[in-house]
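Working notes, structure below.
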Amino acid sequence: ELAYQQPFDFLSGAWSNFGVQFNYTHVESEIQYLTSTGADSLKTDLTGLSKNAYNATLYYEGERFGARVSAAYRDDYLTVVPGRNNNDVEGTKGDTNIDVSASYKINGQWELTFEGLNLTDVYNDQWVDSAGDRASVYHHTGRQYFFGFRFKL
């Protein structure tokens, strides 16, 4: 795993409020799976584990205004081993997702907020059978936008 964070405080003026965060993870790990009767099944990747994943964020943090844009990527990953109905495995396709958030402090008590989720409009794409790659779930939540406010006592 590699991680890097850099505030741009070495720059002058408003530019000093910017910064970046990055992380990258590469994992290779296998396990011997068993059937429901305890017999050996496949020896393959751990469920829920992508071999490669990264996150990147560009941010601005001022006295009253703050904003972030973040990208997250992960490779395909297995979700069920052994698969149901005599399929070898089940999995989820990898994706890249971009989110944004921003806030504005009106005063010491009130703050306006905004979030934009899934701006890349990624679908949840799950499949069955490593050879057949048949769709089992293709779910679409779409882009989501949230406006709000916070009040501090």
Fill in: Partner lysines for LYS105 [C-alpha distance under 16 Å; skip if fewer than 8 residues away on the same chain]
LYS152
Item to complete: Give a quick list of trypsin sites (Lys or Arg not before Pro) in the range 1-74 that DSSP marks as loop, anything other than H, G, I, E or B, with at most 14 other Cβ atoms within 10 Å.
Response: ARG64
Worksheet, complete the sentence: Once normalised by the length of the chain, the mean sequence separation of its alpha carbon contacts under 8 Å that are 6 or more apart gives a contact order in percent of 15
Fill in: Magnitude of the charge dipole, the range 40-153, Cβ model with Lys/Arg +1 and Asp/Glu -1, debye to 20
520
Discussion item. I'd like the chymotrypsin sites (Phe, Trp or Tyr not before Pro) in the range 1-79 restricted to DSSP loop residues with at most 12 other Cβ atoms within 10 Å, sorted by number.
Written reply: PHE10
Response to the item:
Inter-part gap, Cα centre of the range 96-118 to Cα centre of the range 1-64, in whole angstrom, is 22
Item to complete: Show me 82-95, 131-144, 110-123 ranked by packing, highest mean number of other Cβ atoms within 10 Å first.
Response: 82-95, 110-123, 131-144
Item to complete: Would you grab the residues whose amide H sits under 5 Å from the one on GLY62? Only those 5+ places off in sequence or on another chain, please, with H modelled 1.01 Å from N.
Response: ALA67
Worksheet entry | Listed candidates [x] 0.94; [y] 1.05; [z] 1.13 - label of the one calculated as Rg/Rh (Cα atoms, Kirkwood Rh) | [z]
Item to complete: Read phi for every residue in the range 52-62 and hand back ³J(HN,Hα) as whole Hz from Karplus 6.51 cos²θ - 1.76 cosθ + 1.60, θ = phi - 60°, with x for Gly and Pro.
Response: 10, 8, 8, 9, 9, 9, 10, 9, 9, 10, x
Worksheet, complete the sentence: Along the dipole axis of the chain (charges at Cβ: +1 for Lys and Arg, -1 for Asp and Glu; origin at the Cα centre), the most positive-end residue among ALA53, PHE151, GLY116 is PHE151
Discussion item. Give me the dipole magnitude in Debye, nearest 20, for the range 1-79 about the Cα centre, with unit charges on the beta carbon: positive for Lys and Arg, negative for Asp and Glu.
Written reply: 220
Item to complete: Could you run the Karplus curve 6.51 cos²θ - 1.76 cosθ + 1.60 with θ = phi - 60° over the range 130-139 and give me ³J(HN,Hα) per residue in whole Hz, x for Gly and Pro?
Response: 4, 7, x, 6, 8, 5, 10, 9, 9, 9
Worksheet, complete the sentence: For LYS93, the lysines lying under 28 Å Cα to Cα, once residues fewer than eight places off in the same chain are dropped, come out as LYS43, LYS51
Response to the item:
Calc'd 3J(HN,Hα), the range 88-104, phi into Karplus 6.51 cos²θ - 1.76 cosθ + 1.60 (θ = phi - 60°), Hz, glycine/Pro = x, comes to 5, 8, 10, x, 10, 6, x, 7, 10, 10, 10, 10, 9, 8, 8, 8, 9
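None of the figures in this text is laboratory data; all of them are computed from the coordinates on show. In this text, all values refer to a predicted model and were calculated from it rather than measured experimentally. So basically every Cβ, Gly included, is an ideal-geometry build from the backbone, and we count neighbours across all protein chains shown.
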